[in-house]
1. Please work out whether the range 34-88 counts as rounded, prolate or oblate from its C-alpha gyration tensor, where a ≥ b ≥ c are the square roots of the eigenvalues and a/c under 1.5 means rounded, while otherwise a/b larger than b/c means prolate and anything else oblate?
2. Any idea how far the Cα center of the range 100-136 sits from the one of the range 21-51, in Å?
3. Can you sort Arg119, Arg34 by how many other beta carbons sit within 10 Å, fewest first?
4. From the square roots a ≥ b ≥ c of the eigenvalues of the alpha-carbon gyration tensor of the range 133-193, which class results: rounded (a/c under 1.5), prolate (a/b over b/c), or oblate?
5. Among Ala206, Ser156, Gly173, whose Cα projects farthest towards the positive end of the dipole of the range 118-217, with charges put on the beta-carbon of Lys, Arg (+1) and Asp, Glu (-1)?
6. May I ask you to sort Lys180, Lys138 by Cβ crowding, counting other Cβ atoms within 10 Å and putting the fewest first?
7. How do Arg15, Arg33, Arg199 rank when sorted from fewest to most other Cβ atoms within 10 Å of their own Cβ?
8. At a Förster radius of 30 Å, what calculated FRET efficiency corresponds to the Cβ-Cβ distance of Met134 and Lys37, to the nearest 0.05?
Amino acid sequence: MMSREFSKRKQREMRDKERMEMLDMGDLMMSRRRFLKALGYFQDVIELDPSYKTAWLKKGDALKELRRYREALDAYEQAVSLDPDFALANEKIGMILMILKRPDEAIPHFKESLRCNPRNVETWYMNGVANMRMGRFKEALDSLEKALHLDPRNKSVLKAKGDSLMELNDFQGSLACFKKALELDPNYGRAKDSLKELRVRIIEIAGGSLFGKGDSSEDDDSRTGEENNEVDPDQYEEIGDDEVEELEELELIE
């Protein structure tokens, strides 16, 4: 009896060792940007142990890098099916849904991720951006404020907060956010663009009396938003993990 249990334990140990070796090789291939090779290693781990949630997560990462977004979504969803409290997998589902221009579906996954890990600045930020995409600027502000509570010097969150306040016609609050973002990074071009947008908004409302009337036509050419008060989605940049930079590739998904 003891011999049989010992044999089973040794088999588990050997399987775990093999699994970790393949995961390590997959991670190495990811670091070398050999994503297709990495995908093969992660798939091998899944075939060895289909219940291993980390392998599904890493498979999703490789597929995302290959821009096979819908397959990546399937892999992340499989990871969540194995562990509904898997905060990182829920966050990555939200990221993929944002790439696929489905912010309404992304928001519940960001919320679920935050339920499990409420101190993730990036997830609060992305939940805010998703709400902005839906035109829910008050809800966006709530998420962005929580992100800033955790990281008060995050220039991207400050800019997004400024954009939300601008959409709510809180121009003083918006200006303060953009100025603080530029204090942190004087070369932050997107904050400069938002300042130009803010100036145009004020000129439109005040008839040019606050800033002068001579150059309003030039300012009109510098607008970065849409005339229907939507915030340009391509203005948002990464604040941490590489996943967020995929939002700048939204035009790749039809």
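What follows is calculated from the coordinates using simple rules that are stated; it is not laboratory data. From a predicted model like this one, the values you see are computed outputs, not experimental measurements. No Cβ is skipped: glycine too gets one built from the backbone with ideal geometry, and neighbour counts run over all protein chains shown.
1. Working: a/c = 2.28, a/b = 1.26, b/c = 1.81.
Oblate.
2. 28
3. The fewest-first ordering by Cβ neighbours comes to Arg119, Arg34.
4. Numbers: a/c = 1.88, a/b = 1.30, b/c = 1.45.
Oblate, since a/c reaches 1.5 and b/c is not below a/b.
5. Going by the Cα projections, it comes out as Ser156.
6. Exposure proxy ranking, most exposed first: Lys138, Lys180.
7. Fewest to most other Cβ atoms nearby, the residues stand as Arg33, Arg15, Arg199.
8. So, using R0 = 30 Å, E works out to roughly 0.20.
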